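The values are calculated or read from the model by the stated rules, or taken from the named source; none is laboratory data. Small disclaimer: the values here were computed from a predicted structure and weren't measured. When we count neighbours, we look across all protein chains shown, and the Cβ atoms used for this are built from the backbone with ideal geometry, even at glycine. Just the protein is used for accessible areas: all its heavy atoms, side chains included, with ligands, DNA and RNA removed. Shrake-Rupley method; radii C 1.70, N 1.55, O 1.52, S 1.80 Å.
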Amino acid sequence: MSTGYQGQQKTYRNLTSQRVNQISPSGIRRFFDLIASMEGVISLGVGEPDFATPWHIREAAIYSLEKGYTMYTSNLGMPELRQELSRYLKTNYNLEYDPNGELLITVGVSEALDLATRAILDPGDEVIMPDPCYVAYSPCVAMAGGTPIMVPTSREENFEISPTDIEARVTDKTKAILIGYPANPTGAVMPRDKLSQIAEIARRHQLLVISDEIYAKLVYGVGHTCFATLPDMKESAILLGGFSKAYAMTGWRIGYAAANREIIAAMTRIHQYTIMCAPTMAQVAAIEALKSGEEDAAEMVEDYNRRRLVMVKGLNDIGLPCFEPKGAFYAFPSIKSTGMTSEEFAERLLVEEKVAVVPGSVFGQCGEGYIRCCYATSLAEIEEALSRMKRFVNKHKRV
Ligand SMILES: Cc1ncc(COP(=O)(O)O)c(C=O)c1O
């Protein structure tokens, strides 16, 4: 490829950094490019609510535009939003975060995750995380110069990360543990006693714990333990939370980090030069969500629960054994009985039956043999998707 610089020929690898070249493109995106070119597809693919953001939240943002609130805000986020967030964390978890220095408003949990890894990692630092896990965890750590250390998890263990397995991977290079429960892609929720054991390991080895709790509100019949509430963990936890899933606000791009002052200051240093501040109208919407969005969130969770039950029963009935997800909005059935790889299964299901699911392998090696089915879609679509999947599985059943 010619760059035109002084007539020199440069290869593509010369133009972009080695660090970025090592990151593979998101397996999910590749799949969705394929779907975009097809008609009549039922998507159980993208992990986002099918609801529009509740009207009063949209209205708050519209009014803010009418009033001309179109300027930058403080780098940390609007003071009123940080106050509301501080109140929210106190009410929900009895955690006290100072809105002036311990909270940072970000462009989704995505930015918070990027900032957290870049703020704490030096080259070669290791970060322990579960496999399978959310697609951004490992690339974010690698792009921050760190080394992701994967801990296999399995259906037999309810896709919970084992504290013993974590401890076995701690070395003198380990800087942090990165967890995300309720989990994408498995729907697993970590019981409090296991989280306490992880806290104990973090204490003993002086590790930080990045806890991505974006699905905190989406739990079914079980409680969610916020990692920072565990004894002595507030100082070493970097709590990441957001509005995308609980309030159906994916497109607003708003999230937050709560941590000790030193870490928030370091994250803010990166944020102020790269992002400056989260979008102002999205921050206004987030204030409204925190003030008056609880009922909407609870209603959506009830709805997801109905869909979850239909999805999980349906998958089991058609011969795709599915562990019962207790959180988020994903089912993660095994497709091992078909003899196909998860990528092959997903691709053929899409082409033959026009149902989009995500191959488990995009979430890590331990995701192979599974597919992720997002049930944040209408019951009618879930039922139609299940009937198409049944036909597909019957057709390809191994005898
Ligand atoms: C576990 C997890 N963390 C973070 C994100 C990113 O969320 P946001 O929209 O807040 O950037 C997602 C989105 O799917 C997710 O599943």
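Test Leu239 against the stated conditions and say whether it is open to solvent by less than 10 Å² (accessible area, probe 1.4 Å), among the aliphatic types (A, V, I, L, M) and assigned to a strand (DSSP E or B). Here the answer is yes, as Leu239 does meet what is asked. All of Glu324, Glu343, Glu302, Glu288 fail the test of being acidic (Asp, Glu), closer than 28 Å to Pro99 by Cα and more than 16 Å from the ligand (Cβ to nearest atom), apart from Glu288.
Taken over segment 268-284, residues that are under 18 Å from Glu111 (Cα atoms), outside any loop (DSSP other than H, G, I, E, B) and open to solvent by less than 50 Å² (accessible area, probe 1.4 Å) amount to 6. The set of residues from segment 220-246 being in contact with a strand residue (DSSP E or B) (Cβ under 8 Å, 6 or more places away or on another chain), more than 14 Å from the ligand (Cβ to nearest atom), of a type outside the set (Gly, Ala, Ser) and farther than 16 Å from Lys194 by Cα comprises just one member, Tyr220. Condition check for Leu315 on (1) within 16 Å of the ligand (Cβ to nearest atom); (2) open to solvent by less than 20 Å² (accessible area, probe 1.4 Å); (3) within 28 Å of Val362 (Cβ to Cβ); (4) not in a loop (DSSP other than H, G, I, E, B): one failure, at (1). Number of residues in segment 132-158 that are within 17 Å of Asn21 (Cα to Cα), away from the ligand (no atom under 16 Å from the Cβ) and not in a loop (DSSP other than H, G, I, E, B) equals 2.
Of the residues making up segment 247-267, those that are open to solvent by 10 Å² or more (accessible area, probe 1.4 Å), in contact with a Gly (Cβ under 6 Å, 6 or more places away or on another chain) and within 15 Å of the ligand (Cβ to nearest atom) number 2. Pairs are defined by a Cβ separation below 6 Å, a sequence spacing of at least 6 or placement on different chains, a first member in segment 103-123 that is closer than 17 Å to Met78 by Cα, and a second member that is open to solvent by 40 Å² or more (accessible area, probe 1.4 Å) and among the β-branched types (Val, Ile, Thr); the pairs so defined are Val107/Ile275.
Every test in (1) in contact with a strand residue (DSSP E or B) (Cβ under 6 Å, 6 or more places away or on another chain); (2) more than 13 Å from the ligand (Cβ to nearest atom) is passed by Tyr215 save one, and that test is (2). Of the listed requirements (1) within 16 Å of the ligand (Cβ to nearest atom); (2) within 17 Å of Pro99 (Cα to Cα); (3) surrounded by fewer than 21 Cβ atoms within 10 Å (Cβ to Cβ), Ala297 misses just one: (2). Among the residues making up segment 169-216, those that are open to solvent by 20 Å² or more (accessible area, probe 1.4 Å), over 17 Å from Gly241 (Cα atoms) and either part of a loop (DSSP other than H, G, I, E, B) or polar (S, T, N, Q) (or both) are Arg169, Val170, Thr171, Asp172, Lys173, Pro191, Ser196, Gln197, Gln206.
Within segment 77-89, is even one residue open to solvent by 80 Å² or more (accessible area, probe 1.4 Å), in contact (Cβ under 8 Å) with a residue 24 or more places away in the chain and either in a loop (DSSP other than H, G, I, E, B) or of a type in the set (Ser, Thr, Tyr) (or both)? No.
Is there a residue being surrounded by 10 or more Cβ atoms within 10 Å (Cβ to Cβ), more than 30 Å from Phe332 (Cβ to Cβ) and at pLDDT below 95 anywhere in segment 32-55? No, there is no match, as no residue in segment 32-55 is surrounded by 10 or more Cβ atoms within 10 Å (Cβ to Cβ), more than 30 Å from Phe332 (Cβ to Cβ) and at pLDDT below 95.
Note on segment 339-389: residues that are part of a helix (DSSP H, G or I) and open to solvent by less than 10 Å² (accessible area, probe 1.4 Å) total 11.
Here's a check for you: in segment 94-119, which residue that is in contact with a helix residue (DSSP H, G or I) (Cβ under 7 Å, 6 or more places away or on another chain) and among the hydrophobic types (A, V, I, L, M, F, W, C) is farthest from the ligand (Cβ to nearest atom)? Filtering segment 94-119 for residues that are in contact with a helix residue (DSSP H, G or I) (Cβ under 7 Å, 6 or more places away or on another chain) and among the hydrophobic types (A, V, I, L, M, F, W, C), the one farthest from the ligand (Cβ to nearest atom) comes out as Leu95. Within segment 55-72, does at least one residue satisfy the condition of being hydroxyl-bearing (Ser, Thr, Tyr) and either part of a helix (DSSP H, G or I) or closer than 17 Å to Tyr247 by Cα (or both)? Yes, there is a match, as at least one residue in segment 55-72 is hydroxyl-bearing (Ser, Thr, Tyr) and either part of a helix (DSSP H, G or I) or closer than 17 Å to Tyr247 by Cα (or both).
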